[in-house]
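Here's the structure, in structure tokens; my notes come after.
The values are calculated or read from the model by the stated rules, or taken from the named source; none is laboratory data. A quick note: this is a predicted structure, and the numbers were derived from the prediction, not measured. Cβ coordinates were reconstructed from backbone atoms using ideal geometry, including for glycine residues, and neighbour counts include every protein chain displayed.
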Amino acid sequence: MKEIKAIIEAYDGLDRSTTKAALATVVRVEGSSYRRTGARMLVMDDGVWVGGISGGCLEGDALKRARLAIAKSQASLVTYDTTEDDQHQIGVGLGCNGVIDVLLTPLSFEDANNPVEILKSCMNERRQTHILLTVIGLEDDYQGLQAGTMLRYTGPESIAFLDNSSLQTELTHTIEVYAEKGRSRPKAFDLPDGRTLELFIEILPPEIHLVLMGHQYDVLPLARLTKEIGWRTTIVANPQKLMSKLVAVTNAIVTPADFSTILIDEHTAIILMSHDFKTDKYNLPKVLQTAASYVGMLGPKVRSEKILKELSEEGIVISKAESERIHAPVGLDIGAISPEEIALSVLAEIRAVFSQRTGEALRLRTTPIHERD
């Protein structure tokens with residue numbers, strides 16, 4: 001999400017009278033790759049780019065090919081194969097052992113539906129998971145679609161223009177499967193006239209939203225690191241008790257009395273970090289009533305156990321499902337000591353939970369880091 005926002009900012013700042021641009025998007029990955037599907041890079045014809053499609057090994061070649069696509073005003077699909085020991089192949093010797101397809105799409109500034117404009121519309125809307133369909137393979141055109149075309153899927157009605165019930169049904173089913181798994185993948189569909197329509201189906205969830213309930217000095221490193229990662233941060237505290245530095249690194253500051261006004265969804269993590277036992281005890285039942293998928297409690301295990309025990313004695317029952325959302329003590333066991341290291345521990349655990357990972361060392365993993373087809 002941070003990369004998309006940077007691309008949009010760069011796009012909006014272009015001098016359109018002198019500069020042309022294209023969008024490079026990773027639309028397929030087989031095997032290992034530094035970046036995954038959905039990675040993007042905005043390329044200008046003056047050689048400047050924003051974002052990235054690899055760890056730096058493919059960007060130079062992609063820049064040349066993107067400028068060629070701009071000159072031709074035609075989208076193109078480029079395949080980088082790092083599995084072959086070919087000295088002429090871009091990326092050889094990197095040890096990635098993967099095949100990467102990159103779509104290069106020239107951007108028409110006059111087109112209100114060019115890919116960057118569509119991404120911008122997604123960013124400007126209320127938090128939700130967006131589904132984007134990008135044509136990556138098609139001979140000529142079909143029902144107004146051509147290579148490079150991107151459109152938003154908002155339900156079966158949004159693809160009614162395809163005017164083919166079997167194609168619409170198959171596409172809708174595929175989107176539902178991908179959305180349920182949170183996977184972005186390419187998929188080929190047979191057209192009525194015998195041609196093939198290949199689409200990149202992208203599932204684009206909102207950025208993780210971190211709600212920090214506290215005002216002590218350790219809120220600052222958490223907010224700073226969260227901003228660097230590209231997540232959203234809301235601090236719940238009395239504004240008069242907060243350090244002025246927090247204003248620049250947080251998206252919103254809300255008083256405890258206005259907690260109910262915060263938009264909290266399944267992509268939200270809440271951290272109770274007031275350093276006051278009674279405050280955290282009061283807040284725990286309240287935050288468990290929200291849709292937040294992750295609730296962390298700062299402090300030793302004996303403290304959180306005492307909170308849960310007292311709540312139970314007062315008749316406030318924490319269900320098994322609610323208990324599974326509670327992470328106390330918050331964070332991964334990395335030996336963190338300083339506030340900055342603790343922030344690293346906390347955010348690493350949140351990322352692991354939202355990715356449905358254990359947080360163990362990668363060297364202990366017996367399967368590929370990323371899921372493969």
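For region 268-286, the count of residues that are in a loop (DSSP other than H, G, I, E, B) and over 22 Å from Ala343 (Cβ atoms) is zero. A single entry from Ile316, Ile369 fulfils the requirement of being part of a loop (DSSP other than H, G, I, E, B), β-branched (Val, Ile, Thr) and outside the structural domain of Lys227 (by TED's automatic domain parsing): Ile369. Within region 38-79, if we keep just the residues that are modelled with pLDDT of 85 or more and among the hydroxyl-bearing types (Ser, Thr, Tyr), the residue that is nearest to Asp140 (Cα to Cα) turns out to be Ser76.
Applying the set (1) crowded, with 20+ Cβ neighbours inside 10 Å; (2) assigned to a loop (DSSP other than H, G, I, E, B); (3) not aliphatic (A, V, I, L, M) to Tyr217 leaves exactly one unmet item: (1).
Scanning region 9-39 for residues that are under 14 Å from Val78 (Cβ atoms) and either charged (D, E, K, R) or over 19 Å from the mean Cα position of the chain (by Cα) (or both) turns up Ala22, Arg28.
Residues of region 288-306 that are touching a Ser or Thr at 6+ places or on another chain (Cβ under 9 Å), outside any loop (DSSP other than H, G, I, E, B) and closer than 12 Å to Phe277 by Cα: Met297 alone.
For region 219-228, the tally of residues that are touching a strand residue (DSSP E or B) at 6+ places or on another chain (Cβ under 9 Å) and not small (Gly, Ala, Ser) stands at 4. Just one of (1) surrounded by 15 or more Cβ atoms within 10 Å (Cβ to Cβ); (2) outside any strand (DSSP E or B) fails for Val78. It is (2). Of all residues in region 142-157, exactly one satisfies the criterion of being of a type in the set (Ser, Thr, Tyr), farther than 21 Å from Val78 by Cα and in a loop (DSSP other than H, G, I, E, B), namely Thr154. Scanning region 220-249 for residues that are within 13 Å of Ile208 (Cα to Cα) and not in a helix (DSSP H, G or I) turns up Gly230, Trp231, Arg232, Thr233, Thr234. When region 81-105 is limited to residues that are of a type in the set (Asp, Glu) and surrounded by 14 or more Cβ atoms within 10 Å (Cβ to Cβ), the one that is modelled with the lowest pLDDT turns out to be Asp81.
A search for C-beta distances below 8 Å between a residue of region 215-239 that is closer than 13 Å to Ile342 by Cβ and any residue that is of a type in the set (Asp, Glu), counting only pairs 6+ apart in sequence or on different chains, returns Pro221/Glu340; Leu225/Glu340. For region 1-60, a tally of residues being of a type in the set (D, E, K, R), crowded, with 18+ Cβ neighbours inside 10 Å and in a strand (DSSP E or B) returns 2.
Quick check on Glu202: is it more than 16 Å from the chain's Cα centre (by Cα) and in contact (Cβ under 8 Å) with a residue 24 or more places away in the chain? No: the conditions fail for Glu202. Do we have any residue at all in region 263-272 that's charged (D, E, K, R) and closer than 22 Å to Phe354 by Cα? Yes; the residues of region 263-272 include at least one that is charged (D, E, K, R) and closer than 22 Å to Phe354 by Cα. For region 324-342, does any single residue satisfy the condition of being surrounded by 16 or more Cβ atoms within 10 Å (Cβ to Cβ), touching a residue at least 60 places away in the same chain (Cβ under 8 Å) and not in a loop (DSSP other than H, G, I, E, B)? Looking for residues that are surrounded by 16 or more Cβ atoms within 10 Å (Cβ to Cβ), touching a residue at least 60 places away in the same chain (Cβ under 8 Å) and not in a loop (DSSP other than H, G, I, E, B), one finds at least one in region 324-342, hence yes.
Within region 345-371, residues that are over 17 Å from Ile334 (Cβ atoms) and at pLDDT below 85 have Cβ atoms under 7 Å from residues that are exposed (fewer than 10 other Cβ atoms within 10 Å of the Cβ) and hydroxyl-bearing (Ser, Thr, Tyr) in no pair, counting only partners at least 6 apart in sequence or on another chain.
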